[in-house]
1. Is it the case that segment 197-204 has a residue that's within 21 Å of Gly48 (Cα to Cα) and touching a Phe, Trp or Tyr at 6+ places or on another chain (Cβ under 6 Å)?
2. Please verify whether Asp172 is in contact (Cβ under 8 Å) with a residue 12 or more places away in the chain, at negative phi and surrounded by fewer than 18 Cβ atoms within 10 Å (Cβ to Cβ), treating the condition exactly as stated.
3. Look through segment 176-202, keep the residues that are touching a residue at least 40 places away in the same chain (Cβ under 8 Å) and assigned to a loop (DSSP other than H, G, I, E, B), and return whichever of them is surrounded by the most Cβ atoms within 10 Å (Cβ to Cβ).
4. Can you tell me which residue among Val15, Val105, Val23 is more than 14 Å from Gly300 (Cβ to Cβ) and crowded, with 17+ Cβ neighbours inside 10 Å?
5. So which residues in segment 74-95 are in contact with a Lys or Arg (Cβ under 6 Å, 6 or more places away or on another chain) and either closer than 18 Å to Leu304 by Cα or not charged (D, E, K, R) (or both), if there are any at all?
6. Among all residue pairs at least 6 apart or on different chains, which show Cβ distances below 8 Å where the first residue, located in segment 84-99, is under 10 Å from Leu65 (Cβ atoms) and of a type outside the set (Gly, Ala, Ser) and the second is open to solvent by less than 50 Å² (accessible area, probe 1.4 Å) and part of a loop (DSSP other than H, G, I, E, B)?
7. Return the residue satisfying two criteria in turn: it lies in segment 132-155 and is in contact with a Leu (Cβ under 8 Å, 6 or more places away or on another chain) and among the charged types (D, E, K, R), and of such residues it is least open to solvent (accessible area, probe 1.4 Å).
Amino acid sequence: MTDAEQAAGSGLLVVGDVVTDVVALHGSPLAHGTDTPARIRSVPGGAGANVACWAVRSGCREVALLARAGAESADWHRDALERAGVRALLAVDEEVATATVISLVDATAERTFLTDSGAVLRLATEDFAPSTLDGMGRLHLSGYLLFAATSRATARLALRTARERGVPVSVDPASAGFLAELGPKRFLEFAEGAELLLPNADEARLLTGLPEPAEAAAELSRAFPRVVVTLGEGGAVVAAGGVVTGRVRARQVRDPVDSTGAGDAFTGGFLAALLAGADDRAAAAEGCRAGAAAVATVGGRPPLP
């Protein structure tokens, strides 16, 4: 890809979230009412921010993130993003702290989240400027923004603006728990206009009521031109036009550490590959490569160089 092609519109704008992740890795089951030994660290995270960082790691040279962070840690998050190669467009909230997630990771590397959304859901329409889409080949929206009125209005504004400019939009449903609270019908209405949906298997089942992820992917692709459902160790399934068009195997991870952010890594790798000209199956293979790398590290971001 030439520099001229890159400048003409092959960048990625992510409108999403930054989060302070407190990751606790515990080798034994939680002991209720007393202590459980664990290794604990605080790391920068957030679905949108993770996607942006993995897109850079996967070869996308122009990636920007629009998100909202609390004043107490905005500088820390901005520095971490910029060191990862992401242009950080952070709105600073003077009233509410940055979102915080406590990630409890068990011996199998499976994680359970406790989530304080903090400033994430306060991303406002005035925080978004149409000029942030200049030079962008894709817009990606973190589905977390669709779970509250203020951030939802901003996400919908970004989606409408991108469509008016001919910029394709992808959406990640982000959380099966929050999706169940909002309701699948409302979520699908809010995501209308996106050309790519990237749910995991649980989210795909919730959105369709169908038990098999492949069937759910096919059904969702009747409403969205392209759908990719991630299956964890099962890889990913690609659908378009109401039918499954491809399946991709996951990469094996010999020593899994933490599955936090594996889906975000897949999305970042997938979108970077699309922007580089890959078809959906090849892009999904790149997504699986990034997802495997994420499972081998603590937290949801690629290690900084």
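1. Scanning segment 197-204, I find at least one residue that is within 21 Å of Gly48 (Cα to Cα) and touching a Phe, Trp or Tyr at 6+ places or on another chain (Cβ under 6 Å), so the answer is yes.
2. Numbers: in contact (Cβ under 8 Å) with a residue 12 or more places away in the chain: yes; at negative phi: yes; surrounded by fewer than 18 Cβ atoms within 10 Å (Cβ to Cβ): no.
Spelling it out, it is not the case that Asp172 is in contact (Cβ under 8 Å) with a residue 12 or more places away in the chain, at negative phi and surrounded by fewer than 18 Cβ atoms within 10 Å (Cβ to Cβ).
3. Among those that are touching a residue at least 40 places away in the same chain (Cβ under 8 Å) and assigned to a loop (DSSP other than H, G, I, E, B), it is Leu198.
4. Going through Val15, Val105, Val23 in turn, just one is more than 14 Å from Gly300 (Cβ to Cβ) and crowded, with 17+ Cβ neighbours inside 10 Å: Val15.
5. The initial filter retains those residues of segment 74-95 that are in contact with a Lys or Arg (Cβ under 6 Å, 6 or more places away or on another chain), namely 88, 90-91, 93.
Result: Ala88, Leu90, Ala91.
6. So the pair list comes out as Leu90/Val18.
7. Looking at the filtered set, the residue picked out is Arg138.
Residue-wise test of (1) touching a strand residue (DSSP E or B) at 6+ places or on another chain (Cβ under 7 Å); (2) hydrophobic (A, V, I, L, M, F, W, C).
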{"position": "Ala84", "(1), (2)": "no, yes"}
{"position": "Ala88", "(1), (2)": "yes, yes"}
{"position": "Leu114", "(1), (2)": "yes, yes"}
{"position": "Arg122", "(1), (2)": "yes, no"}
{"position": "Ala148", "(1), (2)": "no, yes"}
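The values are calculated or read from the model by the stated rules, or taken from the named source; none is laboratory data. As the structure is a computational prediction, the values presented were derived from the model and not from experiment. Note that each Cβ is placed from the backbone with ideal geometry, even for glycine, and that neighbours are counted across all protein chains shown. Quick note on the areas: whole protein, heavy atoms, side chains included, nothing else; ligands and nucleic acids left out. Shrake-Rupley method; radii C 1.70, N 1.55, O 1.52, S 1.80 Å.
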